[in-house]
Amino acid sequence: MLAKRIPSILPNLSFEEALEITKIHSIAGTLKENIPIITTRPFRFPHHTISATSLVGGGKNPKPGEISLAHYGVLFLDELPEFNQHTLEVLRGPLEDGKITISRVNNTLTYPCEFMFVASMNPCPCGYYGSLDKECSCTKQAIAKYMSKISGPLLDRIDIQIEVSPVKYEKLGNSEIPETSEEIKERVDKARKIQLERYQKEKIYANSGLTPKLTQKYCKLNEEAKKLLEIAFNKLGLSARVYGRILKVARTIADLENNPNIQKKHIAEAIQYRSLDKKYWKN
């Protein structure tokens, strides 16, 4: 339910983005006759039985896969460990490069696939490992086997990792009115406008498109923030890839606050989103 709400808070498509998405869906044969151009961000949620070819694209006459059909939108994989491990591993390159190249005897095709990757999973087969309310019935071996389906390199490419606790009964009947998608989207739109202005000469739309060189240019830290990131890097054993992703997330957090500089608190929040892999995937 949470994942399906994500498109409702994402920035509106630019005309250039809409054209790219429309072209991909036209090639794939999924463009509806009464819709000449796609104006909303895609939300793709394939079943866990999907093959690697259907996910990344291919076939005798290579067509875009789910990752390209999710271009500039969201790709949601529910119950991540239920997917074939090989199928998940083919995501590593596209998540890093934002494109997928399909080679066949007669030709080679490259499709764009800059998507927001969203996944959900239980911490173990029974779903109660680490729960304070119910006891987990899984063996250590079963938990390790379940978790091992998600590799370290794939985890490295997931910027934000959040643990969602079960909803208590009293919360279900709470009369408190939550923040609406429109209110959240307003903040997101302001942050996107800041990024579009910042990167107008760089040919990228958002912080996610920052290369290592551009990250160094636009994600400068003060001494306090540098020290905190250094401590976290050494204590948590973070990789160089994660280091760059923490900077991008911190840059986004600062943008949402309309703050031109990345501060210590922004780095602290970004680091907090990297804690789950150390909790459940222990070295």
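The values are calculated or read from the model by the stated rules, or taken from the named source; none is laboratory data. Quick caveat, the model's predicted, so the values are computed rather than measured. Every residue, glycine among them, receives a Cβ derived from its backbone with ideal geometry; neighbour counts consider all protein chains shown.
I want to confirm something. Restricting to segment 246-283 and keeping residues that are aromatic (Phe, Trp, Tyr) and crowded, with 16+ Cβ neighbours inside 10 Å, which single residue is modelled with the lowest pLDDT? First the steps, then the outcome.
Step one: list which residues in segment 246-283 are aromatic (Phe, Trp, Tyr), which gives 273, 280-281.
Applying the additional criterion that residues be crowded, with 16+ Cβ neighbours inside 10 Å yields 273, 280.
Values: Tyr273: 91, Tyr280: 73.
Across segment 246-283, the extreme among qualifying residues is Tyr280.
From the list Leu229, Leu221, Leu214, Leu155, pick out the single residue that is of a type in the set (A, V, I, L, M) and free of Cβ contacts under 8 Å to residues at least 40 places away in the same chain.
Working: Leu229 fails: free of Cβ contacts under 8 Å to residues at least 40 places away in the same chain; Leu221 fails: free of Cβ contacts under 8 Å to residues at least 40 places away in the same chain; Leu155 fails: free of Cβ contacts under 8 Å to residues at least 40 places away in the same chain.
Every option except Leu214 fails the conditions.
Quick one: Thr87 ticks every box in (1) within 17 Å of Arg44 (Cα to Cα); (2) surrounded by fewer than 18 Cβ atoms within 10 Å (Cβ to Cβ); (3) out of contact with any Phe, Trp or Tyr (no Cβ under 9 Å at 6 or more places or on another chain) except a single one, so which number is it?
Among (1) within 17 Å of Arg44 (Cα to Cα); (2) surrounded by fewer than 18 Cβ atoms within 10 Å (Cβ to Cβ); (3) out of contact with any Phe, Trp or Tyr (no Cβ under 9 Å at 6 or more places or on another chain), Thr87 violates only (2).
Please verify whether segment 45-62 includes one or more residues that are farther than 29 Å from Asp189 by Cα, part of a strand (DSSP E or B) and in contact (Cβ under 8 Å) with a residue 24 or more places away in the chain. First the steps, then the outcome.
Residues of segment 45-62 farther than 29 Å from Asp189 by Cα: 47-62.
After this cut, where a residue has to be part of a strand (DSSP E or B) as well, the list is 57-58.
Subsequent filtering for residues that are in contact (Cβ under 8 Å) with a residue 24 or more places away in the chain retains 57-58.
Yes, there is a match, as at least one residue in segment 45-62 is farther than 29 Å from Asp189 by Cα, part of a strand (DSSP E or B) and in contact (Cβ under 8 Å) with a residue 24 or more places away in the chain.
On the given criteria, is Ala232 under 21 Å from the mean Cα position of the chain (by Cα) and not β-branched (Val, Ile, Thr)?
Numbers: under 21 Å from the mean Cα position of the chain (by Cα): no; not β-branched (Val, Ile, Thr): yes.
Against the criterion (under 21 Å from the mean Cα position of the chain (by Cα) and not β-branched (Val, Ile, Thr)), Ala232 does not qualify.
Filtering segment 13-29 down to residues that are out of contact with any strand residue (DSSP E or B) (no Cβ under 9 Å at 6 or more places or on another chain) and not in a helix (DSSP H, G or I), which residue is surrounded by the fewest Cβ atoms within 10 Å (Cβ to Cβ)?
Going residue by residue through segment 13-29, those that are out of contact with any strand residue (DSSP E or B) (no Cβ under 9 Å at 6 or more places or on another chain) are 13-19, 21-23, 26.
Add one more test, that the residue is not in a helix (DSSP H, G or I), and what stays is 13-14.
Values: Leu13: 19, Ser14: 13.
The qualifying residue surrounded by the fewest Cβ atoms within 10 Å (Cβ to Cβ) is Ser14.
Give just the number: which of (1) more than 17 Å from the chain's Cα centre (by Cα); (2) in a loop (DSSP other than H, G, I, E, B) does His71 not satisfy?
Failed condition: (1).
Can you spot a residue in segment 65-87 that is out of contact with any strand residue (DSSP E or B) (no Cβ under 9 Å at 6 or more places or on another chain) and among the aliphatic types (A, V, I, L, M)?
no
Might you let me know whether segment 100-110 holds any residue that is under 16 Å from the mean Cα position of the chain (by Cα) and basic (Lys, Arg)? Full working, then the answer.
Step one: list which residues in segment 100-110 are under 16 Å from the mean Cα position of the chain (by Cα), which gives none.
Among the residues of segment 100-110, not one is under 16 Å from the mean Cα position of the chain (by Cα) and basic (Lys, Arg), which makes the answer no.
So if I check each of Val105, Val74, Val56, which one is within 25 Å of Val242 (Cα to Cα), out of contact with any Ser or Thr (no Cβ under 6 Å at 6 or more places or on another chain) and surrounded by fewer than 20 Cβ atoms within 10 Å (Cβ to Cβ)?
Numbers: Val105 fails: within 25 Å of Val242 (Cα to Cα); Val56 fails: surrounded by fewer than 20 Cβ atoms within 10 Å (Cβ to Cβ).
Result of the check over Val105, Val74, Val56: Val74.
Residues to consider are Leu214, Leu228; find the one that is at negative phi, out of contact with any helix residue (DSSP H, G or I) (no Cβ under 6 Å at 6 or more places or on another chain) and in a helix (DSSP H, G or I). So that I can check it myself, show each step before the final result.
Numbers: Leu228 fails: out of contact with any helix residue (DSSP H, G or I) (no Cβ under 6 Å at 6 or more places or on another chain).
Only one candidate qualifies: Leu214.
Kindly indicate which of Leu196, Leu236 is at pLDDT below 95, surrounded by fewer than 17 Cβ atoms within 10 Å (Cβ to Cβ) and under 30 Å from Lys140 (Cβ atoms). Reasoning before the result, please.
Values: Leu196 fails: under 30 Å from Lys140 (Cβ atoms).
When all the criteria are applied, what remains is Leu236.
Which ones in segment 106-146 are in contact (Cβ under 8 Å) with a residue 40 or more places away in the chain and small (Gly, Ala, Ser)?
Ala119, Ser120, Gly130
Picking from Ile102, Ile160, which residue would you name as being assigned by TED's automatic domain parsing to the domain that holds Ile67, in contact with a Leu (Cβ under 6 Å, 6 or more places away or on another chain) and β-branched (Val, Ile, Thr)?
Numbers: Ile160 fails: in contact with a Leu (Cβ under 6 Å, 6 or more places away or on another chain).
Answer to the selection: Ile102.
Taking the options Ser175, Ser148, name whichever one is surrounded by fewer than 13 Cβ atoms within 10 Å (Cβ to Cβ), among the polar types (S, T, N, Q) and closer than 22 Å to Ser131 by Cβ.
Testing whether each residue is surrounded by fewer than 13 Cβ atoms within 10 Å (Cβ to Cβ), among the polar types (S, T, N, Q) and closer than 22 Å to Ser131 by Cβ leaves just Ser148.
I need a count of the residues in segment 202-211 that are within 16 Å of Pro11 (Cα to Cα), in a loop (DSSP other than H, G, I, E, B) and not hydrophobic (A, V, I, L, M, F, W, C).
In the first step, residues of segment 202-211 are kept if they are within 16 Å of Pro11 (Cα to Cα); the result is 204-209.
When the remaining residues are screened for being in a loop (DSSP other than H, G, I, E, B), the result is 204-206.
From what's left, not hydrophobic (A, V, I, L, M, F, W, C): 205.
Number of matching residues: 1.
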